[in-house]
Amino acid sequence: MSDNAWIGKSVKRVEDFRLLTGRGTFIDDHPPVANVYHAAIVRSPHAHARIRGYDVSAALAMEGVVAVLTGAEVAKACKPFGVGVTAPVHYYPAATDKARFVGEPVAVVVARDRYLAEDAAETVVVDYEPLPAVVDPERALDPDAPVLHEAVGSNLAGHRRLVYGDPDRAFREAEVVVRERFKFPKYGSTPIETYGLIARWDALDGVVTVWSNFMGPFIMHPLTARVLGLPENKLRFIVPADIGGSFGIKSSMYPYIALIALAARKAGVTVKWIEDRREHLIASSSGTDRIAWRELAARKDGTILGMRYKWYDNVGGYIRSPEPGCSFRPTGNFVGPYRFENLEVDASVVMTNKSLTGPNRGYACGHLYFETEGMMDRLAEKLGMDPADVRRKNFITAGQLPYRTPTGGLYDSGDYEATFEKALEMAKYAELRREQAKARAAGRYYGVGLAVAIDPSVSNMGYVATALDPQFRAKPEYLPKSGATESASVKIDPLGRVLAILGSTPQGQGHQTIVSQIVADELGIAPADVTVVDEMDTFTRPWSISSGTYSSRFGSIGTSAVALAARKLKAKLVDYAAHLMERPVAQLEFRDGAVRTRTGKGPSYSIKELAGRAHWNTESLPDGMEPMLQATAVFGFTEAKSVDQDDRVNSSNTYGFIAEVMAVEVDPDTAAIKIVKYVTVHDAGVIINPMIAEGQIYGGALHGLGGALYEEMEYDESGQPLAGTFMDYLVPTASEAPEIDIAHVISPSPLTTLGSKGLGESSSMTVPAVIANAVTDALKPLGVQIAELPMTPSRLWRLIQNARQRQPRPGMTS
C-alpha cells in the first residue's frame, strides 16, 4: 500500500453504522450506576426580581421526592465562578440574591423519577420582588437604567479600547470615509441533543463523578472544581462517545454540572438531568447579540487606509467564561484578509436581562464579517467600483504569507487571490452580472453578493486576557495565559491490530473515521484495522485545559497529535526490527505496513510479526526499550503566546480562507428570498476526507443561513422570551437548504503535522455577510441596505414598503 493511500479519500464514516442501527451511546443512554434519581429545575418566571424566600414544604411532602436545593443553599455550598473581567460579577450555578433573566435556575428538585420531580417542581413557591428589566444594550448603559449587579454599579461588564497603527492619521488622510450601524441577532445552535448529565458525589472518597455531553474546553474542569471546593483530582468528567451536536453551545453547560453535583450531594443519591427543548431555548446559551458601528477610511482608488470598530456585545444577565470571547476571540484576524494596518477597536460588554451567551459556531466571526464585508460593498458603491475589484485591491498577497497582522495574528499559509478568483470563475460572475442587468430591465430584484473571510481555528487560550488592561496584566501576581495542545495515543495489540485513543469529545464530526484514515496511512494498514476510542475521561486520558472539541481544533491539532503518535510508534517498530535483523536503523525503512531494507533484498517484519514477538517474548526487545507497542504524543503550537503589552495576540493557530458568491432574487410583494446561485471555495489546507469536509461546509452554511434569515431569540421589553418552542423559533430545514457548489484550494499549513487546518465552523461565518450583500444588491433600485439580521420576511417586507413610499411618484421630482 502506497503512502497517503487514505488521506484525501472520501471514506465512509465508520460511526454511521452504529448510529443508524440505534447503537449510539448518548448521555440519556447512560445509567452508569443503579438507583439513579432525577432532577427538575425550578426557573425564574421574571427577567429581574429579588428573591425574598422559598417554600419547599409541599414538594418535600410529595411521594418520591428526596431533596430540594434552593439558590440560598447554593450560595452557602459553593463559590461563584471566576469571570474573565475585573468587574465584581458574582455568578453562581443558580440565582442566589436576584434572578436576572427568565429561566434562571432558582431551585432543584430531586425525585425517584423525572415525572415526580417535574410535578414537585411546580409546587415550589419562590417569593419574588419584581424589578424593572432592560434588554437593549444601549438602553442598559443609560444612567437611569435598572442595574443588574449592584456591586458593579452599572451594566458594563467590561470595556477595552484597542489601537493598532495610527487610525487617526488614516482618517485624516482619507479621501473617502464610509460609516454604518449594524445589528447582529442573538441566536443559538439548537443541537438535536440538549444538555444532559449525571452526577454522583461519593461521600467516602470525596470524588464527584459527572457523566455529561460536555465537549470542552476543559479549562471549565478546574473552574468547576474550584466552585465546588474540590481538588481537581477529585472531580471526574466522563464524556460518552456520542454527542448529538453542540456547535459550541455545550461548552456552556458547566454551571449545570456544578448545580446538579450540589443537588446530588444534598440528596445523597446519583442524580440525572436531561434538559428539555424549552429550557434549552430560554436558558442554556446562545451567540451574543451585537450593536456595532463601523467607519472605513480609504483612498479614491479603493485602497483601505484604516477602520474603526465599535460595538456593544450583549452577554445577558451575567458575564461568564469564556466571555468576553464574543469581543476578543477573533483578535488576531480582526483585519480579515485585508492588509490595512491602522485599526481602532472600541469594545463594550454589556449585561441585560436576557439569557446568557457563549460560544456559538463561528464564535464572533459571523458578527465580524457581516460588518467588514458590508463595509467593503458600501465602499465599492460609493466609489462606483465593482465589489470584486475593491476586494482584489486590498488582499494580502500570497507572497506576503506567512503574514503577521497588526493585531498579532500569524496567518500561516494561503492564496486569497487565487481562492477568490476560483469562486468568481465557478459562479460565472460576469454572467451573473449580465443576468442582473436583464432582471432589472424587467423590473425584477436580482442581486449578487460577495464575501470573503479568514477562517481561524484552534483558539490560543491566551486571547481571553485581551479583555484585561495591560496595567492589570503587568501586576506581579498576574499569571499570563497561553497555549493550545492536544494529545493522542496509539497502541498495537498482539495480533497487530491498532487502537487509537483520543483526548477529544466529538459531536458528530467523524473523528473515528478521520483518525482511522490517518493511522492507516502512517502504518500502511487499512482503516478497518484501526479501532478509535474517543470517550473522554479526565481520570484516564491525558488532557490539558485547552483540550476539547471547539474552535475547529480537531482538523489542525487533533489530527497532528494522532499522526505524531503513530510516527513515534512507527519509529519504535523500526528500532525493534533493526535489533532483530542486527542491522543499523539507517539501512531500514517502514513501508507498506512492514519494516524493510531500504535497498536490495533482505528480511522484513510486518506489524503483526513485530507485535507478536514484542507482546509474547519481551526478552527479544533491545536493551532500554520499554515493553508494549504504544506511543503517546502531545502536539502544541509555539506561536500560542500570551497577549503582549500592546494588546497583540495570535488568537488562533491556523488560519484558512473562504470566498463566497451568492445570487438571489427577492419578491418585493412577499419579501421571499430565493437563492439562485451559491458558490463557496475554502482553503483549509490538506483535506483528509472530502466527504466529511463537504458535510461540515453544508452544515455551517445552513447554520449561518438560520441566523441570517430566520433565527432570533427575541424578548419583549419586560424581558420575557418570545420563543420557547420550534413553533416560534424557526430554524432552516432540508427544504430551505440551497444547492451549494463547493471547491477547495489547498495551501498546506506549515505548522501542522499533516498540513491540515480547521473547517468545522466554515460558512457559518460568511453566509450572513454574503446573503446580506446579495439582498442589498438586489434591492439597490429601492435604496434598501441590509444592516440588521435576521432578514425575516416581516422585517424585510417593512424595509421594502418603506422604501417604496419614499420613492417619488410618476411626474414628481425628488
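The values are calculated or read from the model by the stated rules, or taken from the named source; none is laboratory data. Every value quoted in this text rests on a predicted model; they were computed, and no experiment measured them. Every residue, glycine among them, receives a Cβ derived from its backbone with ideal geometry; neighbour counts consider all protein chains shown. Note: accessible area is taken over every heavy atom of the protein model, side chains too, but ligands, DNA and RNA are not part of it. Shrake-Rupley method; radii C 1.70, N 1.55, O 1.52, S 1.80 Å.
Just one residue in the set Lys382, Lys428, Lys393, Lys438 is on the phi > 0 side of the Ramachandran plot, open to solvent by 60 Å² or more (accessible area, probe 1.4 Å) and basic (Lys, Arg); that residue is Lys428.
Out of Thr733, Thr752, Thr766, one residue alone is within 23 Å of the chain's Cα centre (by Cα) and open to solvent by less than 10 Å² (accessible area, probe 1.4 Å). It is Thr766. Taken as a whole, the condition of being outside any strand (DSSP E or B) and touching a helix residue (DSSP H, G or I) at 6+ places or on another chain (Cβ under 6 Å) does not apply to Glu477.
Here's the yes/no breakdown for (1) open to solvent by 30 Å² or more (accessible area, probe 1.4 Å); (2) touching a helix residue (DSSP H, G or I) at 6+ places or on another chain (Cβ under 9 Å); (3) under 26 Å from Ser457 (Cβ atoms); (4) in contact (Cβ under 8 Å) with a residue 24 or more places away in the chain:
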residue	(1), (2), (3), (4)
Gly229	yes, yes, no, yes
Glu232	yes, yes, no, no
Leu235	no, yes, no, yes
Gly244	no, yes, yes, yes
Phe247	yes, yes, yes, yes
Ser251	no, yes, yes, yes
Ala258	no, yes, no, yes
Ala261	no, yes, no, yes
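Restricting the search to the range 111-130, which residues are within 34 Å of the chain's Cα centre (by Cα), crowded, with 18+ Cβ neighbours inside 10 Å and closer than 26 Å to Tyr715 by Cα? Result: Ala121, single match.
Let's see how each residue does on (1) part of a strand (DSSP E or B); (2) in contact with a strand residue (DSSP E or B) (Cβ under 7 Å, 6 or more places away or on another chain):
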residue: Ala488; (1), (2): yes, yes
residue: Ile501; (1), (2): yes, yes
residue: Pro506; (1), (2): no, no
residue: Ser547; (1), (2): no, yes
residue: Leu564; (1), (2): no, yes
residue: Arg567; (1), (2): no, no
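Taking the criterion of being of a type in the set (D, E, K, R) and either out of contact with any Leu (no Cβ under 9 Å at 6 or more places or on another chain) or within 14 Å of Pro32 (Cβ to Cβ) (or both), the only residue of the range 256-274 that qualifies is Lys272. Please state which one of Val89, Val108 is open to solvent by less than 50 Å² (accessible area, probe 1.4 Å) and farther than 19 Å from Ile274 by Cα. Within the list Val89, Val108, the selection yields Val89.
Considering only the range 362-382, I want to know if a residue exists there that is farther than 24 Å from Asp313 by Cα, over 28 Å from the mean Cα position of the chain (by Cα), not in a helix (DSSP H, G or I) and not basic (Lys, Arg). No - not one qualifying residue is present in the range 362-382.
When residues in the range 777-814 are screened for being at pLDDT 95 or above, touching a Pro at 6+ places or on another chain (Cβ under 7 Å) and in a loop (DSSP other than H, G, I, E, B), 2 of them pass.
Of all positions in the range 266-276, at least one carries a residue that is under 26 Å from Leu19 (Cα atoms), outside any helix (DSSP H, G or I) and out of contact with any strand residue (DSSP E or B) (no Cβ under 6 Å at 6 or more places or on another chain). Within the range 287-316, no residue that is among the hydroxyl-bearing types (Ser, Thr, Tyr) sits with its Cβ atom under 8 Å from a residue that is at pLDDT below 95 at 6+ positions apart or across chains. Counting just the residues of the range 34-44 that are surrounded by 13 or more Cβ atoms within 10 Å (Cβ to Cβ) and among the aliphatic types (A, V, I, L, M), which one comes out nearest to Trp201 (Cα to Cα)? Applying the filter and picking the extreme gives Val36.
A single member of Ala640, Ala631, Ala614 is open to solvent by less than 40 Å² (accessible area, probe 1.4 Å), over 30 Å from Ala708 (Cβ atoms) and assigned to a helix (DSSP H, G or I), and it is Ala614. Checking every residue in the range 712-729 against the condition of being in contact (Cβ under 8 Å) with a residue 12 or more places away in the chain, of a type in the set (Phe, Trp, Tyr), buried (at least 19 other Cβ atoms within 10 Å of the Cβ) and farther than 30 Å from Arg567 by Cβ gives at least one match.
The numbered conditions (1) of a type in the set (S, T, N, Q); (2) at pLDDT below 95; (3) out of contact with any strand residue (DSSP E or B) (no Cβ under 6 Å at 6 or more places or on another chain) are all true for Ser620 except (2). For the range 133-146, the set of residues classified as assigned to a loop (DSSP other than H, G, I, E, B) and surrounded by fewer than 16 Cβ atoms within 10 Å (Cβ to Cβ) consists of Asp142, Pro143, Asp144, listed by residue number.
Is there a residue being hydrophobic (A, V, I, L, M, F, W, C) and either modelled with pLDDT under 95 or under 27 Å from Arg339 (Cα atoms) (or both) anywhere in the range 431-439? Looking through the range 431-439, none of the residues is hydrophobic (A, V, I, L, M, F, W, C) and either modelled with pLDDT under 95 or under 27 Å from Arg339 (Cα atoms) (or both).
Going through (1) surrounded by fewer than 23 Cβ atoms within 10 Å (Cβ to Cβ); (2) in contact with a Phe, Trp or Tyr (Cβ under 8 Å, 6 or more places away or on another chain); (3) of a type in the set (Val, Ile, Thr) one by one, Ile304 falls short only on (1). Go through the residues of the range 403-420 one by one and say whether even a single one is of a type in the set (S, T, N, Q) and either open to solvent by 30 Å² or more (accessible area, probe 1.4 Å) or more than 29 Å from Tyr698 (Cβ to Cβ) (or both). Yes, the range 403-420 contains at least one residue that is of a type in the set (S, T, N, Q) and either open to solvent by 30 Å² or more (accessible area, probe 1.4 Å) or more than 29 Å from Tyr698 (Cβ to Cβ) (or both).
Is it true that some residue in the range 197-208 is in contact with a Lys or Arg (Cβ under 6 Å, 6 or more places away or on another chain) and surrounded by fewer than 20 Cβ atoms within 10 Å (Cβ to Cβ)? Scanning the range 197-208, I find at least one residue that is in contact with a Lys or Arg (Cβ under 6 Å, 6 or more places away or on another chain) and surrounded by fewer than 20 Cβ atoms within 10 Å (Cβ to Cβ), so the answer is yes. Among the criteria (1) out of contact with any Phe, Trp or Tyr (no Cβ under 6 Å at 6 or more places or on another chain); (2) in a loop (DSSP other than H, G, I, E, B), the one Ala671 does not fulfil is (1).
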